[in-house]
Amino acid sequence: MDATTLLLLGQDSLISGAIYALLAVTMVMVFSVTRVLFIPQGEFVTYGALTLAALEAGRVPGTAWLLLGVGAVAAVLAMTRARQTLTFLKAIRILIIDVGLPALLLLIVHWAAPLKLGLVPEMLLTLALVVPLGPLVYRIAFQPLAEASILVLLIVAVGVHMGMTGLGLVFFGPEGYQTSAFSDAVFELGFMNISAQSIWVVTTTAALLLGLYLFFEKTVSGKMLRAAAISRRGARLVGISTDRTGYLAFTLTALIGAVSGLMIGSLTTIYYDSGFIIGLKGFVAAILGGLHSYPLAAAAALLVGTVESFSSYSASAFKEVIVFTIIIPVLLWRSIFRPPVEHLE
Amino acid sequence: MSLLTVADLSVAYGRIQAVQGVALDIAAGSIVTVIGANGAGKTSLLNAVMGLLPARGEVTFRGEAMARCPTEKRFSLGMSLVTESRDLFTTMSIEDNLILGANRCGRREIVQRMAEVFARFPRLKERSTQLAGTLSGGERQMLAMGRALMARPQLLMLDEPSLGLAPIIVREIFHIISDLRDNGVAILLVEQNARAALQVADYAYVMELGLVTMDGPASQLAGDPRVIESYLGFGGADTNTA
Amino acid sequence: MKPAHAAIALVIAILAIPLAPISDYWIVLLDNIGLYSLVAMGLVLLTGVGGMTSFGQAAFVGFGAYTTAVLSATYGISPWLTLPLALALTGLAALAIGSVTVRLSGHYLPLGTMAWGLAFFYLFGNLEFLGAHDGINGIPPLRIGTHDLFDGRSFFSVVWLVVLAASVLTTNLLDTRVGRAIRALRAGTIANEAFGIDTARVKLIVFVYAALLAGLSGWLYAHFQRSINPTAFGLNIGIEYLLMAVVGGAGHVFGALLGAGIVTILKDQLQDILPRLIGAQGNYETIVFGFMLVVILQSARNGLWPFILNALPPRPAKPLVPADASLPQRPKPSGPAILDVRGINKHFGGLVAVNDVSFTVGAKEIVGLIGPNGAGKSTIFNLVTGLLRVTGGEVYFQGNRIDAMEARGIAALGIARTFQHVELAPDMSVLENAAIGAHIRGSAGLLSGMLRLDRAEEKRLLGEAARQLERVGLGAYMHRPAGSLALGQLRILEIARALALDPALLLLDEPAAGLRHLEKRALAELLHKLREEGMSVLLVEHDVEFVMGLTDHLVVLDFGKMIAKGVPAEIRKNPVVLEAYLGGVV
C-alpha cells in the first residue's frame, strides 16, 4: 500500500467516520433520554437522501405523501388515546398540527418541486418533510410504551425499522439514486486530491457536533434532555414531561439522520434499504463507546470508518463481516470484566 | 382550608395492596407526618399523591381534583416531592440541578430563587460547580430539598429525609423543615425516625400494612402508649400489640 | 386424555394428513410452518422463558443448512449421516458464540445477536466454498428406504414428526430441575446464584438448545428446498423468527407453532395480495409485519397464545404424590463458631459501607443483626453469601474460608438466605419457587429430564419443597403463582425456599416486615423449632421487640461500624445503642 492509497483511504475513513459519528452520537442521546435503542435511525438517512434526489429530479418525493399519512395515523391515535378528555377545540388543534401542516407542505412541494429551486432550498424542503417524521414515529410507536423495558422498546424499534423500510420501497421505489454534490471542486494538496465535498461533510459534521454540545451544555432545553437521561423520575419531579423530552430527542435524531442523508447521498448511491446498514454501523460505534459517552461514541465511529475503509481495500468481500465483528471483542471484554452478580446495590 | 385532601386512596402492585383506602388532610402551612414500619405503604402513598404511581381514590390539591393529572402538572400546581432515593441529576453540577428545579422560569427569576436556596443551604453555595453525584448523603438531601424549593412549592413532601444521615445532620434538616413551615410551606413528612418526626409535626398519622391505624395531633400521639411501644420505645415489655 | 394417547393420536394425524385431499399449496405451506416452528420454539425458550432476546437465530439455521448442503451436495454424503454433523457444528458454533453472548447483560445481548447475525450473513455470502451469493444447488432429497422425499407431500410427515418430538422434549425440559432454573432466569440472577445455580451455564444450555433446534430446521430446509442461498439466513429472516415468537406468545411452547403459522400464512397471502392492490412489486409484507410487531407489543405483550389458553378449560394442578424416599440431609454442625466473620470491610467507591466488623454464630444459635437504616446490615448478608466481595477481612464457615468463593459454592456448603426485597419468580408456582431451594440437592441433567428419566428424583425434590411449604404454613397456596401472594406471604415463601436447601446456617433479611402479629408469633415459633433441630440463624430485623425475644446474641451496627455486641438484656441498656437509635431527636 503506497502513500497515496493510504491518504485516499484516510480521507475515506474520515468521511464515513464523520457520518457514523453523527449517527452514533444521536443514538446514544435517544437511548439515554428514552431508553429506545433506535435501530431505524438509518431510515432517516435514506429518507433524507432519496427525498432530495426526487426534488432534484423535479418530482414530488414520496415522503410528502408519507408525512401526511403518518400525521393522519398519529392524529387518529392521539384522539382515541385522549378520548375521555377530548374537546372540540383539542381535536381541531390535533388535526391542524398533524394533518393540516403536512397537507400544506404537500401543496408547497407540489408547487416547488417542478421549479427545481436549487440545492439549498431543496435541502431545506427535504428537512421540512423528513424531520417531523421523527416525533411522529415516537408518538405512534414509543410513547404508549414509555414504561416498558428496554428489550420491549428494542423489539418495537425493530418493528419500526421493518415498517419504515417497507414504506421506503413503496414511496421511493426499488431504484437507487445519487444526489448532486454541494460542490464538485477538487483541491490539489501536494500529491493528493481532496474533494470539496469531503471538506463539506467533515465541517458540517463538526459544526453539528459542536452545536449539539452547546445545546446540551448551555441551553435549558438541552439540560432538560440530559436530566431526563440521568433520572427519568428526577426529571418528572421537576416538571419535565418525558413525552416532551421524547419528542425533542426524536426530532433531533430525525434532523441529524436527514442531514447525514443529505451529505451521504452525493457520495454513494442510496437505495430504499441502504440506511439500515449505515445506521447499524453508527450503532456499532455507539456500542463500542459504551452507549453512554458522546465523545467515546464519536471516536469509535472514526474507528469504524477506518476499519471499513481499510478492509474494503484489503479484503473487500469481507468488509461488512469485519465491521460487524469488531463489536465481538468489545462484548467479550465486557463479559470478562463483569462483576460476579450484576446490579446489587 | 385544606391544601391537600386524600380520600379513600388505594395503591396496588399486581395483587399486592400497598395502600388501602387511606384518607388524610393537610392544612396550608402545617407539618403533617406519616410514621410506620418498613413496608407499611408510606412511600407508595407519597408517590401516589405525586402521581408517580397509579392509584384509586381521590386526591384534591388546592380544590382541584388530581385524577388523571400527570406528575408534571401536579408539580406546576405547587406540589414537590423529595424521594427517598433523592433522584438527583448526579452527573450535573449543583447549579444545574437547581436551575432544572425552576426550568420554566426566566433567567432573572432563576438567579433570584437560587440565591434564596443558597441562603438556606450555604453549603450548597460553596460547592455550586461540584457534580451532584460527588456530594455526601447530607448534602444530597439538602440539594434535593433545594431543587424542590426552586419551584416555590405550596406543599413539600419529604420521604425519609433523615435516612442514612448522622444525628447532627438530621437535626439540621429538621430545623430547616420547621423553618419552612414558619414561612408558609406545608410539609408532608414520611419518617421512620418517629421521635423526631412527632416533635416537629403538627399532626400525625400512623400507617400499618397499608392502612392508617391512628391519627391525631402529633403531641398527643407522641404520648400514646401504643405509639410509644411500637415506634418510640427501645425499652418496654416483650409483649407487643398489633 | 393422557399425554401418551394424545401423542399417538397426533402421530396418526401427521401420517394421515398428506394422504388427505388437501391441495399441494397448503401442504407446502404447512411444511414451511413446521420448519419455522422449530426455530420459533427455540426462541420461545430463549426469549420468552429465559429472557434472552436473539435476532440471530437465522444464522444457526444457516449453519445446519450449509453443513449438510456442502457435505451432501459437494461430497455426496448421505443426508442422514450429515444430520449429526450438522447438529454438532451448529452446537459448537452456538457454544462458542453463546459463551460470549449470554454473559452480556440486558440489551447488549440482542444487540450482540444482531451483530453476529449480520456478520454470518455476509460471511455466508462471501465464502467461495459455500457458493458465495449464489449459494449451493443440487442438494439431494431425504430418502427413506428407496423412496426419495422430493415433494412437499412426502416431506410433510418427516417435518411434523420432528416438530412433535421437539414439542414433547421441550415441554418435558421445562418441567424439570434444569427447566425450573431456566424459567427462574428472567426473575434475575441473584437469587438463583444464591441457591447454587450456575446461571451463566443455564443460559448457555438454553442458547445451545435453541441453536440446535434452528440447526435442525436448517438441515430439513436444505433437503426440502434442495438449493440454498444466504438470503434465507439474513438478519431480516432472524427478525421474522422473533416476530413469530412474539406474535404467538413468547412464553409458551405452542405459541411458537401459532406464531409460525400466523406469520407464514400472512406473509404468503400478503406477498400475493399487496402487490396486486398497489400495482407494483415489492416486499410490502414487511410494512404489515412491522406494524404487527409494534401493535402486539403495545396491546398484547404476551402474544396471542394466552388468549387461546384462556378459552380452553383450565387444567387441574397435578396432585402431588408423596415421595417414597426423601432427600438425604446434611449432618448438623456443632461448635461455638460455625460462622466466623473476622474484621470484614466493604467499600463502594469512597463510601465505607462495612467497617471492620467481626462476630460469630455458633451451632444452634440465633443471632440478630440490628441497626438503623443504612447501617450496612444487608451488605454484610451479601458479603457472607458471596453476592458481594469483601474489600478486606475474612469469613469462615465450618472451618472453610468463604470470602473469596462464588455465591453458589457457599450455598453448596449449607448457607441459605432470604432477601429484603423479595427475589422470587412471580410467574412460577409457589411450589416451584420453593423447589429452586432444593436445586443443588438434585443432580438430574438436561437429557434425563427431556427423556423423563428424572421422575423419581423430581418427586423427591418437589416433595421436599412441599414439605417445607407445609411447615411454614403455605401448603394451601402451593399451586398458585407466587406473584399472587401478599408481601408477608412472599417473605415466608422465601424462608421455605431457603429451608429446602437443608441449610446449616439460615440468613433471614427482615423476615417479619409486613407480617401481622399472629404471623410474627408463628415465625418466632418456627425459628425456635429450627434451632432445636440444630440449625443456626442469623437475622436482620427492624422490629426490635421481635428480635429481643428471639435471639441469643445481638450485633448492633451504625454507619457500617459495629457499636455493640452481646445478649439482648445488655444491648437494651447500652447507652451507645440508645444514642444510635434515638440520636436523631431535634
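The values are calculated or read from the model by the stated rules, or taken from the named source; none is laboratory data. Treat the numbers as computed from the prediction; the structure is a model and nothing was measured. Cβ placement follows ideal geometry from the backbone for every residue including glycine, while neighbour counts extend to all protein chains displayed. These accessible areas exclude ligands, DNA and RNA; they are computed on the full protein's heavy atoms, side chains included. Shrake-Rupley method; radii C 1.70, N 1.55, O 1.52, S 1.80 Å.
Listing for the model above:
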| read-out | value |
| --- | --- |
| Mean Cβ count within 10 Å, highest first, over the residues of peptides C:428-441, C:220-233 | C:428-441, C:220-233 |
| Proximal charge balance of C:GLN269 [Cβ under 14 Å; K/R count +1, D/E count -1] | -1 |
| Loss of accessible area when B meets C, both sides summed, Å² nearest 100, probe 1.4 Å | 2400 Å² |
| Rg to Rh, two decimals, where region B:87-151 supplies the alpha carbon set and Rh follows Kirkwood | 0.92 |
| Shielding by other protein chains, B:103-110, mean Cβ within 10 Å | 2 |
| Under 5 Å, built H, 5+ apart or other chain: amide partners of C:ILE563 | C:VAL556, C:LEU557, C:ASP558 |
| C:ASP198 - accessible surface, heavy atoms, 1.4 Å probe, Å² rounded to 10 | 50 Å² |
| Under-5 Å amide H pairs with C:ARG143, H placed in peptide plane, nonlocal only | C:LEU149 |
| Cα extents of region C:10-258 along the three principal axes, largest first (Å) | 56, 44, 29 |
| Degrees between helix B:137-149 axis and first principal axis of chain B (Cα, 0 to 90, nearest 10) | 80 degrees |
| Spatial separation of Cα centroids for region B:100-120 and region C:97-119, in angstrom | 46 Å |
| Anisotropy class of the protein assembly as shown from Cα gyration tensor, a/c 1.5 cut | oblate |
| Residue-averaged 222 nm ellipticity for chain C, from DSSP H runs of 4+ at -39500 (n - 2.57), nearest 500 | -17000 deg cm²/dmol |
| Kyte-Doolittle mean at least 1.0 and Cα axial length at least 24 Å: DSSP H helices in chain C | C:24-43, C:79-101, C:152-174, C:199-225, C:253-278 |
| Relative packing of A:102-109, C:525-532, C:234-241, which averages over residues the other C-beta atoms within 10 Å, highest first | C:234-241, A:102-109, C:525-532 |
| Accessible surface ranking that places the most exposed of C:TYR25, A:TYR177, C:TYR108 first, with a 1.4 angstrom probe | C:TYR25, A:TYR177, C:TYR108 |
| Whole-Å semi-axes of the ellipsoid equivalent to region C:1-80 (Cα gyration tensor, √5λ, descending) | 27, 23, 14 |
| Rounded if a/c under 1.5, otherwise prolate or oblate - chain C, Cα gyration tensor axes | prolate |
| Built amide H within the under 5 Å cut-off of B:ALA28, gap 5+ | B:LEU3 |
| Cα centroid separation - region C:430-484 against region C:205-257, whole Å | 32 Å |
| In Å², nearest 10: area of C:TRP26 left accessible to a 1.4 Å probe | 110 Å² |
| Karplus-derived 3J(HN,Hα), 6.51/-1.76/1.60, for each residue of region C:440-454, Hz, glycine and proline x | 6, 8, x, 9, 4, x, 4, 5, 4, x, 5, 8, 6, 8, 9 |
| 3J(HN,Hα) from dihedral phi, region B:50-62, Karplus parametrisation 6.51/-1.76/1.60, rounded to Hz, x for glycine, proline | 7, x, 7, 10, x, 9, 9, x, 10, 10, 10, 10, 6 |
| Most to least accessible of A:GLU320, B:GLU95, C:GLU285 (protein chains only, probe 1.4 Å) | B:GLU95, A:GLU320, C:GLU285 |
| Peptide-level mean, for C:293-305, of C-beta atoms on other protein chains within 10 Å | 4 |
| Cα-based Rg / Dmax (Å) for region C:287-440 | 22.8, 70 |
| Highest to lowest packing among B:52-59, B:97-104, scored as the average C-beta count within 10 Å | B:97-104, B:52-59 |
| Accessible area (Å², 1.4 Å probe, nearest 10) - C:ASP272 | 90 Å² |
| Principal axis box of chain B, alpha-carbon based, largest edge first, Å | 56, 41, 35 |
| Per-residue HN-Hα couplings for region A:65-74 [Karplus 6.51, -1.76, 1.60; θ = phi - 60°; Hz; x = Gly/Pro] | 6, 4, 4, 4, x, 5, x, 5, 4, 4 |
| Solvent-accessible area buried by A and C, counting both chains, probe 1.4 angstrom, square angstrom | 4400 Å² |
| Net charge over other residues, Cβ less than 12 angstrom from the Cβ of A:GLY279 (K, R count +1; D, E count -1) | -1 |
| Global geometry of region C:427-498, whether rounded, prolate or oblate, following the gyration tensor of its Cα atoms and the 1.5 cut on a/c | prolate |
| Average beta carbon contacts from partner chains per residue of A:147-157, 10 Å cutoff | 5 |
| Proximal charge balance of A:PHE31 [Cβ under 15 Å; K/R count +1, D/E count -1] | +3 |
| Euclidean distance of C-alpha centroids, region B:1-71 and region A:161-201, integer Å | 57 Å |
